[in-house]
Structure formats: structure tokens, C-alpha cells
């Protein structure tokens, strides 16, 4: 078995946009450089690549371009390369419309203004460079493969993250109801405390790197500047206790409703910048180190990859809603969240005319007894737990925002008559029919069931031992 790791820089120039909010934002400094990190695994002539991207999300077109470039260089099939965005809200301009994307609109000039001047817009040049850097990282990781031993394990960190949605006394659900709100009944969903780790060592015992899977939004940083958010401190923690040149490929779990905010606590956090980024990164990093300490690496086969594609319908914008949205956006109303959602309703209505459905790539990458199962959604945590429960493999790691972005995919309950909250409000970031989540879950399980689970390395046993001579002594022995 061979494994290789590599890193490529994807830090934007100062002044570039930072997506993640509803209005435009820009960064004028760098807290920590942004990277694309790749791991290539080879066994029995098959190769797969797992790629972690410091980005809010990644366009499917960027992934297709990157796959094509690396396939030409390495021969690794494009469908064997998984690209997962970390969901950092302080990353580069990967998100939003390109210029000319609303040229088909009834009022193209007005829609272009809304898409380019009134919200985050994607930078075509940056995304073109990003595709090349993804391909570069995969190519270098493939070139740097060495004979290696691999281990898989799962840690547990359930104290650092929280579900941000709650059931309220009025029977509805709410996102971030406020710390200590007396109308809170209980959380509206779970967290996933699992810390998944696939790690690799050279035959000489040098730690090469690992792939880490954990579910939490990348919204923890307070320090200004471009940043990988809490996964930066995850890598620093692991490197600090292992090899400084090791590579940590982070793939985010199903965290559409998971953040660092504990709405049930009224404790004032320490007045230090990046407190939560450091807290989560170090806690999860410490759990990774525990998994690494207990690892018994060996050959993990087979190495394989599978894909399937779903067509999922978008929600239609009701005519009365569109009429109200147009009136609000064209008025002198303040540009608050009502204005933002009205803007999104107008643009979603135009997009639906040419894209009444999205294509969701569901991809499985297998390494022996473990599988990474990916989708392009901001996927609610309960779905991730359901997939793990239904999977036939011993280790299943769900990866969201991979190979594209189709927005929030909440549970049917969250979108039902007693649901509610930020994630279900119709917008460009939440546009799919309520059945989308179950469709992705079922397709993921079906893909996992098509894999042949691999065995874990056998732990050799010693011969039955003889008692230690002094171990049978009594207090009266002389």
C-alpha cells in the first residue's frame, strides 16, 4: 500500500471578497494562509484522492476542472477524487454568481446589480486558479507516495459543539434563540461527536499525515483576515505533538445545524480573540492524537470509489412573494435581513427558469473498512447519523459540501408546519424541496451497500505465557 500527501496555497490577494454573510465582505490581512490539502491512497493498482479545501464551499464546475487537470497528469480517474470544502467563513471568493449569470432574466441589468453589487460574488480568476491548485495538490501527493501502513479509528468529542436549533414553547423551531432564552424547550436536533481519523505512517515509522472528519460550522474565528478557522488550530495541535511536516486533510461532517454556540449556557466566554477556534481545534486535535496513539496500522484494502447523481427539484417562488420582494427591494427600506431575503427570492425565481432542479453528486471513497460518503449540501446532522447507522461498513464518515454546493438541506420536520429557523427560509442558500434530505440519505446508503467492506489489520497474538517467577510470591516467602 502507498500513500502520499501534499499542500498547495490558495490564499487570495488582500482586498478579495470573503463570502459567508448576506452582504459583501472583504479581507485586508491574513491571519493564517489558506490551503488545499490532498491525500492519495493506492492499493492493488487502484488510487483514490481525498482533498480538503479551506473554503466556504466549492463550485461543481471548479471540481470538474480540477479533476480533469489532475487526471491528465496522474491518470487517477476524476470520479476517484473527492473535494470537500471546510466551510470556513473567512476564505476566498468561491461563492456567488459570475458576471453575466443573469443575462437571461426579465430585467438582466437589475438582477446583475443585485447579484454582483449587493451580495458576495464569485471571482472567475480565483476559481480558475483554485482548480489548478487542487489539481496540483493531488498531482504532488501522487508523486510523493511511499510505501505506508494505514490505520482507521474514531474518537469522541461531544463538549465543543452544539446544535443551534431549538424547539420553543410556542411549538415552533428557532435558530439561535439567544442564550438562556426561557422559551427554549429542548434542542431540535443532535450533534455528531465522532472524530473520524484515517492515518498513515511510512514503513520506517514516520507519521505522514491523516484525514480528519468532524462536524462543525467554520464560524468560530474573531481575528481579522483570511483564515481556515478552527481547522487551522486542529492542524497546529496535531503537528505540535507529531511531525511538523505532516499533513492534516480536514473533511467537514454533516454540520448544517451545528456550531460552537451553546444557547443553553449564559457563561461569558474569555475575552480573547479566536477563543472558540482554538477551543474546538485543540479539543478535536487532542482527540485525534488519542486515536493516533492507539493506532495499529497495516494494509487497508480495497481502495475504491463509486458515484451516483441525483436530480433534486428546487422550490418555486410564489407569485405573491415575488411581488412583495420586488416592491421591498426597489423601495427605500433598510438593507436588513428582510431585504436580503427579498433579493434572494428575486434571483432564485430567475435561476429557477433555467435551473428548476440541481444535480447532486453522491460519492463514496473507500479505504479498507472505512468509507467517506460525500454530498454537496449543508446537510443537517441527523441525516449524517442516519447514514452511519444504516451503513454496512465498520467506519463511515459523512462529508458535506463536497464536489459542489446545493445549499442547506434541512430535515422534513424542520421544514414542516412546526419547523422554522434560518436554514429553512427560502433563499439562494436554501432552495430545495423538503424531500431532498431523505433522497440524499437513501442514495448514500445505496452507494455504501455497493462497496465490499475491507478487513482491519489483524493484531498478532503472543503465545500463552508462563507466570512471572516473582509474580506468585506470598508475604511469607523468603
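The values are calculated or read from the model by the stated rules, or taken from the named source; none is laboratory data. Note that the structure is predicted; figures quoted are calculated from it, not measured. Neighbour counts run over all protein chains shown; Cβ positions are idealised from the backbone, glycine included.
Name the one entry in 318, 231, 269, 224 that is exposed (fewer than 15 other Cβ atoms within 10 Å of the Cβ) and under 21 Å from residue 92 (Cα atoms). Let's see the steps before the verdict.
Working: 318 fails: under 21 Å from residue 92 (Cα atoms); 231 fails: exposed (fewer than 15 other Cβ atoms within 10 Å of the Cβ); 269 fails: under 21 Å from residue 92 (Cα atoms).
Step by step, each of 318, 231, 269, 224 is checked, and only 224 is exposed (fewer than 15 other Cβ atoms within 10 Å of the Cβ) and under 21 Å from residue 92 (Cα atoms).
Residue-level analysis places residue 249 among those that are within 27 Å of residue 454 (Cα to Cα), within 19 Å of the chain's Cα centre (by Cα) and not in a loop (DSSP other than H, G, I, E, B). Considering (1) surrounded by 21 or more Cβ atoms within 10 Å (Cβ to Cβ); (2) at pLDDT 95 or above; (3) under 19 Å from the mean Cα position of the chain (by Cα); (4) not in a helix (DSSP H, G or I), the lone condition that residue 208 does not fulfil carries the number (3).
Looking at segment 424-441, which of its residues are assigned to a helix (DSSP H, G or I) and under 23 Å from residue 390 (Cβ atoms)? Listed by number, the residues that qualify are 436, 437, 438, 439, 440, 441. Looking only at residues in segment 121-163 that are assigned to a loop (DSSP other than H, G, I, E, B) and touching a strand residue (DSSP E or B) at 6+ places or on another chain (Cβ under 6 Å), the one that is surrounded by the fewest Cβ atoms within 10 Å (Cβ to Cβ) is 144. Could you tell me whether any residue of segment 116-135 is farther than 27 Å from residue 21 by Cα and modelled with pLDDT of 95 or more? Checked against the condition, which is being farther than 27 Å from residue 21 by Cα and modelled with pLDDT of 95 or more, segment 116-135 yields at least one hit.
Taking segment 275-361 and the helices (runs of 4 or more DSSP H) fully enclosed by it, the elements with 3 or more residues that are over 25 Å from the mean Cα position of the chain (by Cα) are at 319-329, 337-354. Figure legend. Inter-residue proximity from segment 87-109: first residues not assigned by TED's automatic domain parsing to the domain that holds residue 34, second residues crowded, with 23+ Cβ neighbours inside 10 Å and modelled with pLDDT of 95 or more, beta-carbon distance below 9 Å, spacing 6+ or different chains. No pairs are indicated. For first residues located in segment 458-478 and outside the structural domain of residue 149 (by TED's automatic domain parsing), partners that are surrounded by 10 or more Cβ atoms within 10 Å (Cβ to Cβ) and in a loop (DSSP other than H, G, I, E, B) and lie 6+ apart or on another chain with Cβ distances below 8 Å form the pairs 459/296.
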